[in-house]
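Taking it in order: structure first as structure tokens, then the write-up.
Rule-based calculations on the coordinates, nothing more; no lab input. Computed from a predicted model, the values in this text were never measured in an experiment. Cβ placement follows ideal geometry from the backbone for every residue including glycine, while neighbour counts extend to all protein chains displayed.
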Amino acid sequence: MIDLKYIRANPDVVRNAIVNKNEKADLDLLLVTDEKRRKLQYDFDQLKARQNSVSQIIAQKKRAREDASEELARMAKVAEEIKAIQADLNAVNTEVEARLLTIPNIPHPSVPIGRDESLNEVIRHEGEAPRFDFEPKDHLDIANMNQMLDLSRGAKISGSGFPIYTGFGAKMERALINYMLEYHLQKHGYTELMVPLVVNRKTMTGTGQLPKLEDDMYHISEDDLFLIPTAEVPVTNIYADEVLSYKDLPQKYVAYTPCFRREAGSYGKDTRGLQRLHQFNKVEMVRFVEPENSEAALEEMLHDAEDILKAFGLHYRVVSLCTGDLSFASEKTYDLEVWAAGSGKYLEVSSVSNFGEFQARRANIRYKDADGKMRHPHTLNGSGLATPRLMIALLESYQHADGSLRIPDVLKPWMELKV
């Protein structure tokens, strides 16, 4: 959420952000509603002051045993006016808050301006793309040859986009999750959390999924709960409605969870195999930092995610998302896109984002700085990594001509664990 004072003072900046992010928020209506609210608040405060003044006169007359009937009549009239304005003020306050939730975060000045992903900026390439002396197969053919997936039975049980990993595939998926968690814990100093997979509406609103993305979420209507689309949601909200100290910052958390997304807007996109799922696994990094440190933290988190790809020896590129491809809540995002040799294209395996104070304001997360001033920390998150497209890249990069697989050296200890 953007500070309303900032919006009043910088309407053109906010209006440009709405346009550049392809959002449809009605800023003018918000400002008109806010002006109405401020006028009602002024009238309310004036009536309360009058009420207090009359109350003092009544008290004085009662002490002096004088007739206060005229003042009591005035008091009753003022009380009715206050009651009516209070009702109007409550309604307009609710409307202002609802409209504020539709205003997207403002992109960082370094973010390239562009309408869609075609205008994202490729920052750099890393690693060498694998070369084969045979025609490489895609991941689904390899997985089927090695009996790693059962998509048809997953679809029978739950519908398309809910894969079953079988045998070697299930073991490899589990090994990937464990390896990435331990890497971030041991090498990068994160603290691990295990979090709920269902959250309430307030929590989803805090990170910016609601109200905009409700159609993309799995909703449990009886309890008004949502299956999480990412661990970002519960982890970011652990400090909701709390006041921290600057001494508590920075905080670095990592969590593995399944993620659930209806992908309501994905019709027509490539859904072959593991490319686009309704349920998938992801290791997520989340940070809480003081505002002056968030840009450096974003770069550091980017490298944390890159380290996983480097450890697997995969070729990838770093992409800075343009304004039109940024999420509603992000002010700056880097994507890591890994090369899938069999598919012949780059696939996103991580998004690393800085949200500034946007999520902290929505979730009411605050801290006292060294001078005792109340501030909002900056929140950041990044995939470290999501497994489906990582699995695609590994299968397609480590394949042999006969469809068999070579296990990456760093993953072998996790594949060979014995009790």
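Structure above, values below:
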item: Charge sum, other residues only, whose C-beta stays under 10 Å from V319's C-beta, Lys/Arg counted +1 and Asp/Glu -1; result: -4
item: Cα long-axis angle, helix 11-20 against the chain (0 to 90 degrees, to the nearest 10); result: 30
item: Gaussian network model of the chain, springs between alpha carbon atoms under 10 Å - residue of V283, V32, V243 with greatest fluctuation; result: V32
item: Cβ-placed point charges (K, R +1; D, E -1), dipole of region 117-415 about Cα centre in debye, nearest 20; result: 480
item: Cα lying deepest toward the dipole's positive end in the chain, options I2, P250, L47, charges on Cβ; result: L47
item: Mean ellipticity per residue at 222 nm, deg cm²/dmol - from DSSP H runs of n ≥ 4 across the chain, formula -39500 (n - 2.57); result: -13000 deg cm²/dmol
item: Candidates I157, I228, I177: whichever shows maximal mean-square fluctuation once the chain is modelled as a Gaussian network with Cα springs under 10 Å; result: I157
item: Lysines whose Cα lies under 18 Å from that of K171, excluding same-chain neighbours fewer than 8 positions away; result: K282, K412, K418
item: Distance histogram for the chain (every C-alpha pair counted, 10 angstrom bins, percent rounded to whole numbers); result: 4, 18, 27, 22, 12, 7, 4, 3, 2, 1, 0
item: Total charge dipole magnitude, region 108-219, about the Cα centre, Cβ charges on Lys, Arg, Asp, Glu only, Debye to nearest 20; result: 480
item: Cleavage-rule hits (trypsin sites (Lys or Arg not before Pro)) in region 315-394: DSSP loop, at most 14 neighbouring Cβ within 10 angstrom; result: K373
item: Selection from I58, I82, V19, by position along the positive dipole direction of region 4-100 (Cβ); result: I58
item: Assigned charges on the beta-carbon of Lys, Arg, Asp, Glu; region 4-100 dipole about Cα centre (debye); result: 300
item: Reachable aspartates and glutamates from K247, criterion Cα separation under 13 angstrom, eight or more residues apart if same chain; result: E290, D369, D371
item: Violating pairs (Cα-Cα greater than 27 angstrom) within the set K21/K156; K24/K373; K24/K83; K252/K310; result: K21/K156; K24/K373; K24/K83
item: Gyration tensor (alpha-carbon) shape descriptor, region 4-100, a/c threshold 1.5; result: prolate
item: Longest site-free stretch - the chain; sites: GluC sites (Glu not before Pro), DSSP loop, at most 13 other Cβ within 10 Å; result: 243-415
item: Cα gyration tensor shape for region 71-170, rounded if a/c is under 1.5, else prolate or oblate; result: oblate
item: Highest-fluctuation residue, L151, L309, L321 considered, GNM on the chain with Cα pairs under 10 Å; result: L151
item: Cα-based helix-to-principal-axis angle, 387-397 vs the chain, degrees rounded to 10; result: 20
item: Length added when fully stretched, D241-Y218, from 0.36 nm per residue minus Cα-Cα; result: 5.8 nm
item: Cut-off 14 Å between beta-carbons: net charge of the residues surrounding E80, Lys and Arg +1, Asp and Glu -1; result: +2
item: Cα gyration tensor, region 285-360 - rounded (a/c under 1.5), prolate or oblate; result: oblate
item: Neighbour net charge for E214 - beta-carbon separation under 14 angstrom, K R +1, D E -1; result: +1
item: Principal-axis tilt of helix 168-188 within the chain, Cα atoms, nearest 10 degrees; result: 60
item: Listed residue (V96, T33, A68) projecting farthest to the positive dipole end of region 4-100, Cβ model; result: A68
